[in-house]
Amino acid sequence: MLLNLLTSISRIAAALIVILGLLWLLLARPSISFKDASKASPQLVDQPALKKHILMLSEELAPRDYTHPDNLNKVANYIADSLRSSGARVSEQLFEVDGVEYKNIIGEYGPPDQEIIVIGAHYDAKGEFPGADDNASGVAGLLEIGRLLAEKELKTRIALVAFTLEEPPFFRSDNMGSAVYARSLAETGAAVKLMIALEMIGYYSEAKGSQDYPMLLLNLYYPRIGNYIAVVDKMLSTQAQRMKTAMAQVIDLPVYSINAPTFIPGVDFSDHLNFWRYGYPAVMVTDTAFYRNRAYHSEADTAARLDYGKMAQVVYGVFDYVLKLSDEIEK
């Protein structure tokens, strides 16, 4: 009797281990990366420039919510000038919501063909909060990537797009700036190689327990210390795993990926969701937002709390991966 019970328990335990292992393979997509020191040059990223951009958006040009369209226009003009100074072909995408005009800013590099790689970040903020991490950090990363791209000969069109109206009350609506832009790509038949959303890339912590997750199960697969960057993707896609592996080869900051269904809170909480709607491959690069940064959507989300060294590594990792994507020749 006891032997039968022990046998049953051992079988259940073995089955549970197999299930957890399969979930690890499905969600976390473990991979092996070998550092390539000859190609790792995160020092090329201008950390003072990152901080300057974030201070400008979070202090000088705040507040950046939809009720302050004049400020949003000033931010848009600042972004356009920065992209233009890096040699981008800059354009505005104007659209109207409730009688007020808003705009996305688009900076393009490389050949003007139908295939395109999109890197995007929203420049609006929640209410009258500073929004340094959310999402001045993403915009700063976008502008620095533009400066780095200006020095490269590209084989694929790359669009750096600063979106407006990502925050409530427009989130998940057709009035999101990224929804307007993604729809315009679909209508023109653009072939999107990948869309990368930069969503809060500046906050890191070495404290134990500084990292939370939407499901207790994820604590088995990911660290409880918030000192890494995450690449988020939908189920069954390989985009996040490829990007994670490539980034880990050229930066020291730990990189994790997750492929998860959208019912898990946070998986589709940014502009990449609008590209998924049109069947485009898209990922989110993030410090995990409110699962780590306790200052999310508050007055405490200031430039002084951000880690510009780690942010620079993220920017370089994204830049390097985009270059690799641009050099790929479709068979």
Restricting to Cα pairs under 8 Å and 6 or more apart, the percent relative contact order of the chain works out to 23 percent
Residue exposure sequence - L185, L149, L154 - by fewest surrounding Cβ within 10 Å: L154, L185, L149
How large is ³J(HN,Hα), in whole Hz, for each residue of the range 264-279 in order, when computed from phi with the Karplus curve 6.51 cos²θ - 1.76 cosθ + 1.60 and θ = phi - 60°, using x for Gly and Pro? 7, x, x, 4, 10, 8, 6, 5, 5, 4, 6, 7, 4, 4, 9, x
Report, to the nearest 10°, how far helix 239-248 tilts away from the longest principal axis of the Cα atoms in the chain, using its own Cα long axis and a range of 0 to 90°. 90 degrees
Here, GluC sites (Glu not before Pro) of the range 86-177 satisfying both criteria (DSSP loop; at most 14 other Cβ within 10 Å) are E128, E151, E153
So how tilted is helix 2-27 from the main axis of the chain? Cα-based, degrees 0 to 90, rounded to 10. 20 degrees
Residue-count net charge about A49 - beta-carbon cut-off 11 Å; Lys, Arg +1, Asp, Glu -1: +1
Three-way shape label, the range 261-322, alpha-carbon gyration tensor, a/c 1.5: oblate
For the chain, which span is the longest to avoid every loop-located (per DSSP) member of chymotrypsin sites (Phe, Trp or Tyr not before Pro) having at most 10 other Cβ atoms inside 10 Å? 35-262
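Counting other C-beta atoms within 10 Å, and keeping those with at most 10, which DSSP coil GluC sites (Glu not before Pro) do you find in the range 180-243?
E206
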Tell me the trypsin sites (Lys or Arg not before Pro) within the range 155-223 that lie in a loop according to DSSP and have at most 12 other beta-carbon atoms within 10 Å. K208
Counting only residues 5 or more places away or on other chains, whose amide H sits under 5 Å from the amide H of G120 once H atoms are built in the peptide plane? V161, I196, A197, L198
Taking neighbour counts of Cβ atoms within 10 Å as a proxy for exposure, in what order, fewest first, do D307, D81 appear? D81, D307
Acute angle (nearest 10 degrees) that the helix 69-85 long axis makes with the longest principal axis of the chain, alpha-carbon atoms: 90 degrees
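Bear in mind these aren't lab numbers, they're just calculated from the coordinates by the rules spelled out. Just so we're clear, the structure is a prediction, and the values are computed from it rather than from any experiment. Neighbour counts run over all protein chains shown; Cβ positions are idealised from the backbone, glycine included.
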